[in-house]
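Trainee: Before we start, here is the structure in question, set down as structure tokens.
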Amino acid sequence: MTTGRPAQTELNSGILPGNVRADDWIMLALAVVSTGMLAWLLIGPPAPGISRWFFPADCVICGIFFLELLHRWRKQAWRAAFLARTWYEIFAMIPVAHPDFTANHHVLGVILLIVRLGRAADRAVGEQFTYRLVDKLSEPIVRAIKKPVTIAVLDEVVKVLETGNYPENLAKSLSENKTELRAIITEKISEDPQLGKLRRLPFHDEIVRATVDTSFRVLLEVLLDPRIDDFFSSVVRDNREQIRRAVALGLADVDDSPDEQLLRTRTQRTAAHEYDVNHPRR
């Protein structure tokens, strides 16, 4: 005969199953009130004479839920697993039902509103309902939002990259470090087994210095040419469009796909794969 640990029961079963106590109704009512106040402020703020009472009331309700959470945690012998299952309730205890907060942080207010809806659902149909629901839906939700979130982040990154001027900054850096770079190039030419033989020629140092200075001058003029700005902008823009298209086709999630033929050019991953095939490591 084997013995095991008894199944851990929920601390409240909600009001729907029928095992109802007075505190279940009270906590459900408080959860609905706190959710309703925040939703009212987000959807259509009431008159200032009414909304100014929302934040004090929200603080009192959040304090009651905090004490009730401590009470439930004590019944669970202060185990960390309890907080791992009810972590979202901690965010629901943040008093945010204030007109200034909802006006300036609308997105964050909506997120906290969803958390409070989850807490109210727990009070209605039993503890850990929201935890189980999120656990079941987390993977489909992540799959559904991964592509649009990735594309949105990519667009923001590209916008930041487009604020720079890479040719002009590169030319500025080359100009500021011209002396050091000339010394490095001259040193490498002298150490080269083939070009090093040119040291025997007359005026060797002058020829090398003139060649390096001419190369620098031409390179700087090329980098400062406005047409180079257009070239770099085109490179960034074309890569952004190809990456967005690849993400939309789901190419980042698979190693090989016929949809890659829909892109303007082959991906860097495909080029690297072809190189590895044609140049196997010994």
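Trainee: Within 10 Å of each candidate Cβ there may be at most 14 other Cβ atoms; applying that plus a DSSP loop requirement, which chymotrypsin sites (Phe, Trp or Tyr not before Pro) in the stretch 48-98 survive? Can you show the working numbers first?
Mentor: On the way: sites: 53, 54, 65, 66, 73, 78, 82, 87, 88, 91; in loops: 53, 78.
Sparse-neighbourhood loop chymotrypsin sites (Phe, Trp or Tyr not before Pro): 53, 78.
Trainee: Right, something else. Rounded, prolate or oblate for the stretch 227-277? Axes are the square roots of the Cα gyration tensor eigenvalues, ordered a ≥ b ≥ c, and the cut-off for rounded is a/c under 1.5.
Mentor: oblate
Trainee: Also: How far is it, in nm, from the label point at residue 249 to the one at residue 271 when both lie 7 Å from their Cα along the line to the Cβ?
Mentor: For the pair residue 249/residue 271, the computed spacing is 1.6 nm.
Trainee: What trypsin sites (Lys or Arg not before Pro) in the stretch 23-88 are in a loop by DSSP, with at most 14 other Cβ atoms within 10 Å of the Cβ?
Mentor: Values: sites: 52, 72, 74, 75, 79, 85; in loops: 52, 79.
Those that pass, being in a loop and sparsely packed, are 52, 79.
Trainee: Any aspartates and glutamates with Cα under 13 Å of the residue 75 Cα? List them, leaving off those in the same chain fewer than 8 positions away.
Mentor: 10
Trainee: Between residue 256 and residue 152, what length in nm is gained on full extension when 0.36 nm per residue of separation is reduced by their alpha carbon distance?
Mentor: So the chain would gain 35.0 nm between residue 256 and residue 152.
Trainee: Just the number please: accessible area per residue for the stretch 63-113, 1.4 Å probe, all protein chains included, in Å².
Mentor: It amounts to 57 Å² per residue over the stretch 63-113.
Trainee: Residue by residue through the stretch 228-240, what is 3J(HN,Hα) from phi via Karplus (6.51 cos²θ - 1.76 cosθ + 1.60, θ = phi - 60°)? Round to whole Hz and write x for glycine and proline.
Mentor: 5, 4, 4, 5, 5, 4, 5, 4, 5, 5, 5, 5, 4
The values are calculated or read from the model by the stated rules, or taken from the named source; none is laboratory data. Quick caveat: nothing in here was measured; it's all calculated off a predicted structure. Reconstructed Cβ throughout: ideal geometry from the backbone, glycine too, with neighbour counts over all protein chains shown. These accessible areas exclude ligands, DNA and RNA; they are computed on the full protein's heavy atoms, side chains included. Shrake-Rupley method; radii C 1.70, N 1.55, O 1.52, S 1.80 Å.
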